Amino acid sequence: AYQQAIGDLETVVFDKAEIDINAPHFVFYVRDLLAEMYGDESVEAGGYRVTTTLDLDLQNEAQQIVKEEVEKVENLKISNGAALVMDPRNGEILSMVGSRDYNNDEIGGQFNVVVDGLRQPGSSIKPVTYLAMLQRGYTPASMLMDVETVFTPHENAKEYKPKNYDGKFRGPVSLRNSLGSSLNIPAVKSLAIVCVEDFLSLAYDMGFVTLEPTKENMTRFGLAVTLGGAEVHMLDTVTAYSSFANYGQKVEPVAILKVEDSEGHVLYEHKPVQGRKVIEEEEAFLINNILSDNNARAIAFG
């Protein structure tokens, strides 16, 4: 038996040890931030005492919610999910769920979708388009035509004929109802009015780092960018949305509040800084007002 066991070693596959730590994606995110601050070797040597922004009760709740919500849609071949909770007033990250299950290799559970994942944001990018419309002098009452429309961005371009998610057309609709009901055709028309370059500039200013109006991005992205056709990071999306919550002030994400060495000397302490103003207070107010308006959702969602 001993000889057989020795012989079998060639083909034995050892299970990877499961990582049993609280909020593993957040922990390794913080570790990466520390490595940027003090270098890998210093962090590996240990001895730091780090105070973070994490709210462990909220983290556990968020992990459970992600797990339950993904289970509800597994029949649609959806196997993974992620979540991020940030206090928009100061950028403090309260909860970071980078995947449904850190220890599940089948879904690449160790990959942090929140920080490292590039994903299409879908309709969550539409408020940026309508914000650009407000900056052009349009109002929530401005009318847009939700009718079948063919777009040809330039002479040799392929025709682009967007559809609403339910396949219906609703004729004249206000900008308020277009955003509230997440209609696609008015969103594409709005982007055609403001132009892709101005949209990308605004999105980049708000925190969408992957939407910088570079020559390459200008070539890659067309009118479908307003329907979420360009990949972004979830962390950047939440950062960008902080400027709506703060009436124009964008805050940067914060995970580390204090770092002490093994003797208790404070090496770093986070000092709250006022967010940078990226949009006007009135513009943020109007977008918030539309997004919280149940009546504006009624024509599509009842």
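Past the 30 Å Cα-Cα mark, which pairs from Lys77/Lys126; Lys72/Lys215; Lys161/Lys215; Lys72/Lys271? Over 30 Å apart, Cα to Cα: Lys72/Lys215; Lys72/Lys271. In the context of the full protein assembly, Phe111 retains an accessible surface of approximately 90 Å², using a probe radius of 1.4 Å and ignoring ligands and nucleic acids.
Under the simplified labelling scheme, the Lys168-Ala1 pair shows an inter-label distance of 7.2 nm, with each label point 7 Å from Cα along Cα→Cβ.
Within region 230-267, the GluC sites (Glu not before Pro) that combine a DSSP coil assignment with at most 16 other C-beta atoms in a 10 angstrom radius are Glu231, Glu263. First measure r as the distance between the Cβ atoms of Ile21 and Asn288, then evaluate 1/(1 + (r/R0)^6) with R0 = 45 Å and state the FRET efficiency to the nearest 0.05. Efficiency, from the Cβ-Cβ distance: 0.75.
Using the alpha carbons of region 1-90, what is the convex hull volume per residue in cubic angstrom, as a whole number?
Expressed per residue, the convex hull around the Cα atoms of region 1-90 is 232 Å³.
For Glu41, put the label point 7 Å out on the Cα→Cβ axis and report which residues of region 242-272 keep their amide N under 20 Å from it. The answer is 261-262, whose backbone nitrogens lie closer than 20 Å to the label point. Over the C-alpha trace of the chain, radius of gyration and Dmax come out as 23.3, 83 angstrom. A simple spin-label model places pseudo-atoms 7 Å from Cα toward Cβ; at Thr139 and Val266 they are separated by 5.1 nm. Principal-axis analysis of the Cα atoms of the chain puts helix 126-135 at an angle of about 50° to the longest axis. Summing Lys, Arg as +1 and Asp, Glu as -1, what charge do residues with Cβ under 11 Å from the Cβ of Glu92 carry, Glu92 excluded? Overall, the nearby charge balance is -2. Between helix 184-194 and the chain there is an angle of about 80 degrees, using the helix long axis and the longest principal axis of the Cα atoms.
Extents of region 105-184, largest first, come to 49, 32, 25 Å (Cα atoms, principal axes, whole angstrom). Note on Arg31 and Glu216: the model spin-label points, each 7 Å out from Cα along the C-beta direction, lie 3.0 nm apart. For the chain, the longest principal axis of the Cα atoms and the long axis of helix 24-38 meet at an angle of about 80 degrees.
Distance distribution P(r), region 1-150, all Cα-Cα pairs, bin width 10 angstrom from 0: 8, 25, 25, 20, 14, 5, 2, 1, 0 percent.
For region 135-232, compute Rh as the Kirkwood radius over C-alpha pairs and then the Stokes-Einstein diffusion coefficient at 37 °C and 0.692 mPa s; write the answer in µm²/s, rounded to an integer. The estimated diffusion coefficient comes to 231 µm²/s. Cβ-Cβ distance of Leu56 and Leu9, R₀ of 41 Å, FRET efficiency by 1/(1 + (r/R0)^6): the value works out to about 0.50.
Charge tally around Asp205: other residues with Cβ under 14 Å, Lys/Arg +1 each, Asp/Glu -1 each, net -4.
Note on Gln120 and Glu71: with the Förster distance fixed at 25 Å, the Cβ-Cβ geometry gives a FRET efficiency of about 0.65. Roughly how many Å is it from the Cα centre of region 197-237 to that of region 260-302, as a whole number? About 19 Å separates the Cα centre of region 197-237 from the one of region 260-302.
Scaled against the 2.2 N^0.38 Å expected of a compact globular protein of N residues, the Cα radius of gyration of region 215-302 reads 1.58. For the chain, the solvent-accessible area with a 1.4 angstrom probe is 56 square angstrom per residue.
The values are calculated or read from the model by the stated rules, or taken from the named source; none is laboratory data. Source: prediction; values computed, not measured. All Cβ positions, even for glycine, are placed from backbone atoms using ideal geometry, and neighbour counts span all protein chains on display. Each accessible area value is taken on the protein alone, full model and side chains, heavy atoms only, with ligands, DNA and RNA left out. Shrake-Rupley method; radii C 1.70, N 1.55, O 1.52, S 1.80 Å.
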